[in-house]
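Undergrad: Below you'll find the structure I mean.
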């Protein structure tokens, strides 16, 4: 059973060609039905995010997600055979060295990913270059880095508010572009800095989350968008559905059918 769609298969080249022309809507997916639904809705860019640690596995943050978790969920998403470009996060401590990074990136590609993503700038440049040299497309992640939230005291802080932060973000973004990174998520970056990075990078796609509207694309955690994780919603997200409420209502109605009062 596979998804049927009229859209052409998205590639790194087709996504990159949209820079400055057509903004890119992107969402996370963690399982077959979600990937199929998002693909049928026309989403061109999917990410099996390590956010699954929180919205699927119930962890307090992403640092407990394992390679086995990511491989399992990447396989589920790839089974939908979406027209969308599908990528997967390298989880915490899975890219500590270039050798480890390449080995784990290959495992994700074998599970069905078409690109991999990792968090960090120049400090992980050797890992990024090794992954790209191995022929694996790479998506960066700058700004607020969820895998480092414990190091930052458990707080998700906006980045780029001062000159030092702005300079570091711009420097890192340009270094990633020079290394051949095709896209980069900018998370909780102040909108003026996100706009500057988008303008400064001539080839690398920027995909914002909580970083204003000037990026080349926008990504959200799908449960946030559709209200299927109603216990927490980021301030920058407006849910477009109330899936959690609908599930409670449907189950309540069925309970009354099984056991009428």
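Just so you know, all these numbers are worked out from the coordinates, no wet-lab data involved. What you see is a predicted model; the values in this text were computed from it and never measured. FYI the Cβ positions are ideal-geometry reconstructions off the backbone, even for glycines, and counts take in every protein chain you see.
Undergrad: Determine the percent antiparallel among the DSSP beta bridges restricted to the chain, to the nearest 5. The partial results should precede the final answer.
TA: Working: 1 of 30 bridges.
If I count the DSSP bridges inside the chain, around 5 percent turn out antiparallel.
Undergrad: How far, in degrees from 0 to 90, does helix 243-258 lean away from the longest principal axis of the Cα atoms of the chain, to the nearest 10?
TA: 20 degrees
Undergrad: Modelling each spin label as a point 7 Å along the Cα-to-Cβ direction, I'd like the residue 155/residue 167 distance in nm, to one decimal.
TA: Here the modelled spin labels are 2.3 nm apart.
Undergrad: Can you tell me the orientation of helix 191-200 relative to the chain, as the angle in degrees between its alpha-carbon axis and the longest Cα principal axis, to the nearest 10?
TA: Helix 191-200 and the main axis of the chain meet at about 60 degrees.
Undergrad: Taking other Cβ within 10 Å of each residue's Cβ, how do 231, 254 sort, fewest first?
TA: Values: 231 6, 254 10.
Ascending number of Cβ neighbours within 10 Å: 231, 254.
Undergrad: Now a separate question. Limiting things to C-alpha atoms, what are the Rg and the maximum Cα-Cα separation (Dmax) for segment 12-223, in angstroms?
TA: Cα radius of gyration and Dmax of segment 12-223 are 15.6, 45 Å respectively.
Undergrad: Pick from 171, 107, 240: which is most flexible by mean-square fluctuation in a GNM of the chain where alpha carbon atoms under 10 Å apart are linked?
TA: Looking only at 171, 107, 240, the biggest GNM fluctuation is shown by 240.
Undergrad: In whole angstrom, and with the biggest value first, how far do the Cα coordinates of segment 64-106 range along each principal axis?
TA: Taking the Cα atoms of segment 64-106, the three principal extents are 32, 20, 11 Å.
Undergrad: Taking Cα centroids, how far is segment 225-261 from segment 69-97 in Å?
TA: Segment 225-261 and segment 69-97 have Cα centres spaced 27 Å from each other.
Undergrad: Relative to the longest principal Cα axis of the chain, at what angle does helix 163-179 sit, 0 to 90 degrees, rounded to 10?
TA: It works out to around 90 degrees.
Undergrad: Just need the relative contact order of the chain here, percent rounded to a whole number, with Cα pairs under 8 Å and 6+ apart. It would help to have the intermediate numbers written out before the result.
TA: Numbers: 491 pairs, mean separation 42.0, N = 261.
Rounded, it is 16 percent for the chain.
Undergrad: Listing 56, 226, 86 from the residue with the fewest other Cβ atoms within 10 Å to the one with the most, what is the order? It would help to have the intermediate numbers written out before the result.
TA: Numbers: 56 17, 226 20, 86 24.
Neighbour counts put them in this order, fewest first: 56, 226, 86.
Undergrad: Right, here's the next one. Segment 166-253: Rg/Rh from Cα coordinates, Kirkwood Rh? If you can, show how the numbers build up before the last one.
TA: Numbers: Rg = 16.9 Å, Rh = 14.5 Å.
So for segment 166-253, dividing Rg by the Kirkwood Rh gives 1.17.
Undergrad: Sticking with this structure for a sec: Taking the Cα of residue 175, stepping 7 Å toward and past its beta carbon, and measuring to each backbone N in segment 101-122: which are under 17 Å?
TA: Residues passing the 17 Å test: 118-122.
Undergrad: Have a look at 149, 65, 247 and tell me which one the Gaussian network model of the chain (Cα, springs below 10 Å) gives the largest fluctuation.
TA: 247
Undergrad: Then there is this: Three principal axis extents, largest first, for the C-alpha atoms of segment 46-124, in Å?
TA: 34, 27, 20
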